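Below you'll find the structure, written out as structure tokens, and then a few comments.
Computed from the coordinates by the stated procedures, all read-outs in this text should not be read as laboratory data. Owing to the predicted nature of the structure, the values given are computational and were not obtained by experimental measurement. Cβ placement follows ideal geometry from the backbone for every residue including glycine, while neighbour counts extend to all protein chains displayed.
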Amino acid sequence: MTEKVHKKELTKLNKFQTYTLYFFLFAFLGWCMETIYAIIVLGHFTKRGFLYGPLCPIYGYGALILIAFLGKYRNQAFKLFIYSAVIFSVFEYMASYVLEVLFHSYWWDYTNDFFNLNGRISIFYSLAWGIIAIIFVGHLYPFLKKKVNLVLSKIPYQIKIFLLYSICIIFIVDTILSCIRYLNV
């Protein structure tokens with residue numbers, strides 16, 4: 001029995017690998033959300049995000065923050081809302097600042113939004129991050145976690161590892177090429 005349990009554990013992704021997988025999943029879903037939003041607002045497809053590929057890493061990192069640190073407030077909606085609104089506003093501000101300093105470009109500008117801070121964050125999006133966090137922690141993540149675990153249970157361990165490392169390599173190459181592109185503009 002213990003040999004069976006030990007063998008099963010060797011076929012599962014460890015915590016870091018699982019978090020890496022979630023990073024890519026939610027970075028992709030964030031890119032999809034941004035793309036759909038742009039299509040609705042602009043009426044046509046617009047390339048979203050920093051990278052060449054279909055990932056918005058800020059959403060991947062945001063999801064990891066929610067999963068690893070704020071998920072414990074799942075049953076405390078008010079705390080989750082406040083902490084998320086503050087943490088993600090600071091995170092969004094810092095990301096905007098770093099991207100501007102490094103690449104002299106803006107990926108979003110809230111200058112015309114009510115109650116904004118240097119065009120980097122606004123009260124509307126701060127409140128939206130709080131609401132999104134409640135939806136994510138309470139509903140989206142638990143639902144997708146079950147689906148991901150179901151899919152992963154059907155994939156041999158070596159294939160999971162190969163795919164995960166392949167996606168990591170592609171992401172690193174994309175990040176390097178994207179940095180070069182924006183540094184040369």
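For the pairs Lys12/Lys146; Lys72/Lys160; Lys47/Lys146, note any where the Cα-Cα span goes beyond 19 Å. Walk me through the numbers before you get to the answer.
Numbers: Lys12/Lys146 14 Å; Lys72/Lys160 28 Å; Lys47/Lys146 31 Å.
Where the Cα-Cα span goes over 19 Å, the pairs concerned are Lys72/Lys160; Lys47/Lys146.
Can you tally the net charge around Cys32? Count Lys and Arg as +1, Asp and Glu as -1, for every other residue whose Cβ sits under 15 Å from the Cβ of Cys32.
The answer is +1.
Compute the label zone of Ile123 within the range 65-98: residues whose backbone N is under 13 Å from the point 7 Å along Cα-to-Cβ.
none
So between Ile39 and Tyr182, what do we pick up on full extension, going 0.36 nm a residue minus the alpha carbon distance?
Contour length minus Cα-Cα distance gives 49.1 nm.
How much length would be gained if the chain were fully extended between Lys47 and Ile170, taking 0.36 nm per residue of separation minus their Cα-Cα distance, in nm to one decimal?
42.4 nm
Taking the beta-carbon count within 10 Å as an exposure proxy, list Val86, Val98 from fewest neighbours to most.
Least to most surrounded, the residues fall as Val98, Val86.
Could you please rank Met33, Met94, placing first whichever residue has the fewest other Cβ atoms within 10 Å of its Cβ?
Met94, Met33
Name the chymotrypsin sites (Phe, Trp or Tyr not before Pro) in the range 13-74 that are in a loop by DSSP and that have at most 12 other C-beta atoms within 10 Å, would you?
Listed in order of number, the matching sites are Phe45.
Using θ = phi - 60° and the Karplus form 6.51 cos²θ - 1.76 cosθ + 1.60, what ³J(HN,Hα) does each residue of the range 13-19 get, whole Hz, x for Gly and Pro?
Rounded to whole hertz, the list is 6, 6, 4, 4, 5, 5, 4.
Express in whole angstrom the spacing between the alpha-carbon centres of the range 21-56 and the range 72-97.
After rounding, the separation between the Cα centres reads 21 Å.
Using only the alpha carbons of the range 11-183, determine the length spanned along each of the three principal axes and report them from longest to shortest in whole angstroms.
51, 43, 30
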